[in-house]
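Novice: Below is one structure. I have some questions about it.
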Amino acid sequence: MEGTTRCSANYVPLTPISFLERSALVYRDNVSIIHGSLNFTWKQTRDRCVSLASALSLIGIFRHDVVAALAPNIPAMYELHFGVPMAGAVLCTLNTRYDSAMIAVLLKRSEPKLLFVDDQFLDIAQGALEILSRSSGAIKLPRLVVIHDEVKQSSEAKKQGSLELEFEYESFLASGTSDFEIIWPNDECDPIAVTYTSGTTSTHPKGVVYSHRGAYLNALASILLNHMTLMPVYLWVVPMFHCNGWCLPWGMAAQGGTNICLRSVTAKGIFDNIDFHNVSHMGGAPAVLNMIINAPENVKRLVPRKVTVMTGGAPPPFHVLFKMEELGFEVVHSYGSTETYGPGTICMWKPEWNSLAPEARAKLKSRQGVHHIGMGMVDVKDPETMKSVPQDGKTLGEVMFRGNTVMNGYLKDLKATEAAFKGGWFRTGDLGVKHPDGYIEVKDRSKDIIVSGGKNISTVEVESVIFSHPAVLEVAVVGKPDDHRGETPCAFVKLKDGYKVSANEIIKYCRDRLPHYMAPTTVVFTDLPKTSTGKTQKFILRQRTQAIISSRL
């Protein structure tokens with residue numbers, strides 16, 4: 001249009017780095033981080049992050065170089081989310097549950113120049129570097145920076161801390177200066193982070209590339225999804241390495257909130273921190289919610305104020321949502337994937353639902369809902385024709401996203417990126433339906449849906465019924481090959497302590513509440529294999545069904 005122009009006066013690339021710069025001004029003396037007896041203000045956090053960026057630049061970390069981190073939810077991990085991009089570099093967060101072999105694979109793919117390691121995981125990191133040094137086509141090994149967590153006092157930590165390493169975190173920070181000139185992105189679509197998928201469907205996580213723009217928008221969306229007002233108090237239960245903590249390391253800076261670091265997640269730690277720090281918000285997978293409602297009676301208690309909990313992953317069973325409400329938690333149900341920066345949809349609550357019975361409310365809340373304000377669109381489509389399925393709550397299709405909070409792509413895997421974006425939408429691989437009100441409901445992963453005698457069985461629906469049994473603590477359902485029906489449901493169940501129940505009782509319980517073809521034909525009592533974020537690894541359970549069949553031949 002005549003008379004208009006784009007220039008530095010009206011266009012600045014979006015980046016969450018700007019949140020920290022603002023918080024250091026607006027919330028200068030407010031507490032930013034608490035970790036045991038350690039705490040910082042927002043001005044101190046900003047200065048520490050800039051000093052970190054300065055130190056990185058001094059040792060030759062340049063724009064778009066990768067810097068990796070292997071650490072739990074501690075202040076250093078929070079600071080790396082700002083310090084690394086302030087140096088123009090890309091942060092690669094690594095899963096602390098992986099062994100040396102898997103860490104070696106991820107390091108080889110991402111090729112970081114520097115690796116920050118919490119002393120608890122130093123042996124794993126050094127084991128990974130040894131594997132890489134012996135492998136063919138070895139990469140140049142990253143330099144190590146060890147993080148000594150002063151709050152964690154243990155002989156093992158002290159033993160590891162005495163090892164000779166190139167850098168120590170606090171000394172490394174001290175080598176930089178807080179007047180360093182921040183390296184802002186030239187393009188808001190430049191990469192800010194690489195985060196790996198959680199490995200629920202395979203043994204090979206993919207590196208998902210996030211942009212400054214996407215991180216900025218999803219951080220703001222996460223604030224809204226969590227119903228955060230100014231200066232919230234957030235308890236870090238969600239791992240910061242997973243989807244970069246659902247973008248809330250950046251979001252908390254935008255709101256000037258207080259980050260309560262939680263090194264290891266236990267029910268006691270959650271309840272104690274909520275009481276002591278007057279926590280207002282937290283997040284967690286359904287497994288965390290399950291841990292809270294099943295905590296020992298000497299640990300579990302009503303929370304002193306309403307605590308908003310955002311959950312994602314598999315749809316939480318309705319009775320879990322109900323029990324959380326009884327304890328004083330408000331559960332916000334979100335849905336997404338690593339490729340959508342974590343949350344991509346939200347079950348937006350409608351006031352008229354408040355008058356419904358508790359079970360009906362919980363069932364509605366377990367829907368995945370609508371796309372959040374930062375996402376362009378979510379739809380349920382026929383993956384072949386790319387046409388939207390009818391809004392009848394019955395017709396299955398694939399859940400797909402389109403928008404600014406969808407990943408740039410998979411690191412060094414153009415083929416997988418093109419397949420994920422085929423047809424101009426991000427294909428999640430999840431199967432769902434769309435209800436008449438436009439809300440979507442995920443029924444299953446496309447790999448998990450069971451086809452028995454020509455009929456589709458949603459493992460999520462079967463799991464929800466089994467989960468409602470008073471003796472069941474955890475459950476996962478997968479398909480077991482069957483000569484007559486193709487597949488039948490096989491339930492892997494973990495019982496609550498002190499409870500005993502037979503396989504036939506579980507099967508009858510399901511038959512009384514589901515069509516008979518949906519009831520499991522096999523029940524196995526066992527612990528469930530989990531990812532570090534609490535998601536069940538169903539591909540491992542499918543492998544176990546083969547062993548069950550073989551043992552019966």
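The values are calculated or read from the model by the stated rules, or taken from the named source; none is laboratory data. Keep in mind that what you see is a predicted model, and the values were worked out from it rather than measured. Note: ideal-geometry Cβ built from the backbone for every residue, glycine included; neighbour counts use all protein chains shown.
Novice: Take the residues in region 163-215 that are at pLDDT below 95 and among the small types (Gly, Ala, Ser); name whichever of them is nearest to Pro16 (Cα to Cα).
Specialist: Out of the qualifying residues, it is Ser198.
Novice: Among the residues in region 437-449, are any farther than 29 Å from Ile548 by Cβ and either surrounded by fewer than 18 Cβ atoms within 10 Å (Cβ to Cβ) or in the same structural domain as Ile548 (by TED's automatic domain parsing) (or both)?
Specialist: Yes, some residue in region 437-449 is farther than 29 Å from Ile548 by Cβ and either surrounded by fewer than 18 Cβ atoms within 10 Å (Cβ to Cβ) or in the same structural domain as Ile548 (by TED's automatic domain parsing) (or both).
Novice: Right, Arg513: part of a helix (DSSP H, G or I), charged (D, E, K, R) and surrounded by fewer than 22 Cβ atoms within 10 Å (Cβ to Cβ) or not?
Specialist: No, not satisfied.
Novice: Quick test of your reading of the structure: Met400 fulfils all but one of (1) in contact with a strand residue (DSSP E or B) (Cβ under 9 Å, 6 or more places away or on another chain); (2) surrounded by fewer than 18 Cβ atoms within 10 Å (Cβ to Cβ). Name the failing condition by number.
Specialist: The failed condition is (2).
Novice: Still on this model: For Met86, are the conditions met, namely being under 20 Å from the mean Cα position of the chain (by Cα) and modelled with pLDDT of 95 or more?
Specialist: It is false that Met86 is under 20 Å from the mean Cα position of the chain (by Cα) and modelled with pLDDT of 95 or more.
Novice: Still on this structure, I have one more. Looking at Gly283, Gly344, Gly313, which one is closer than 19 Å to Gly432 by Cβ, surrounded by 20 or more Cβ atoms within 10 Å (Cβ to Cβ) and modelled with pLDDT of 95 or more?
Specialist: Going through Gly283, Gly344, Gly313 in turn, just one is closer than 19 Å to Gly432 by Cβ, surrounded by 20 or more Cβ atoms within 10 Å (Cβ to Cβ) and modelled with pLDDT of 95 or more: Gly344.
Novice: Answer yes or no as to whether Lys538 is within 30 Å of Leu94 (Cα to Cα), in contact (Cβ under 8 Å) with a residue 24 or more places away in the chain and not aliphatic (A, V, I, L, M).
Specialist: Answer is yes for this residue.
Novice: Could you tell me how many of the residues in region 21-44 are in contact (Cβ under 8 Å) with a residue 60 or more places away in the chain and touching a strand residue (DSSP E or B) at 6+ places or on another chain (Cβ under 9 Å)?
Specialist: Total meeting the criteria: 9.
Novice: Could you check how many residues of region 1-29 are in a loop (DSSP other than H, G, I, E, B), of a type in the set (D, E, K, R) and at pLDDT 95 or above?
Specialist: Total satisfying the criteria: 2.
Novice: For region 93-110, what are the residues that are in a loop (DSSP other than H, G, I, E, B) and at pLDDT 95 or above?
Specialist: Leu94, the sole residue that qualifies.
Novice: Checking the condition hydroxyl-bearing (Ser, Thr, Tyr) and not assigned by TED's automatic domain parsing to the domain that holds Gly214, which residue from Ser37, Ser8 passes?
Specialist: After ruling out the rest, the residue left standing is Ser8.
Novice: Limited to region 316-368, what total is found for residues that are in contact (Cβ under 8 Å) with a residue 60 or more places away in the chain and more than 23 Å from the chain's Cα centre (by Cα)?
Specialist: Matching residues across region 316-368 total 0.
Novice: So in region 32-74, with the set limited to residues that are part of a strand (DSSP E or B) and not hydrophobic (A, V, I, L, M, F, W, C), which one is farthest from Ser178 (Cα to Cα)?
Specialist: Looking at residues that are part of a strand (DSSP E or B) and not hydrophobic (A, V, I, L, M, F, W, C), I get His35.
Novice: Check whether at least one residue in region 84-92 is part of a loop (DSSP other than H, G, I, E, B), in contact (Cβ under 8 Å) with a residue 60 or more places away in the chain and of a type outside the set (S, T, N, Q), and report yes or no.
Specialist: The answer is yes, given that some residue of region 84-92 is part of a loop (DSSP other than H, G, I, E, B), in contact (Cβ under 8 Å) with a residue 60 or more places away in the chain and of a type outside the set (S, T, N, Q).
Novice: Sticking with this structure for a sec: For region 322-361, enumerate the residues that are part of a strand (DSSP E or B), in contact with a Pro (Cβ under 8 Å, 6 or more places away or on another chain) and of a type in the set (Phe, Trp, Tyr).
Specialist: Matches in region 322-361: Tyr335 only.
Novice: Consider Asp29 carefully, then state whether it is closer than 16 Å to Glu170 by Cβ and charged (D, E, K, R).
Specialist: Criteria not met by Asp29.
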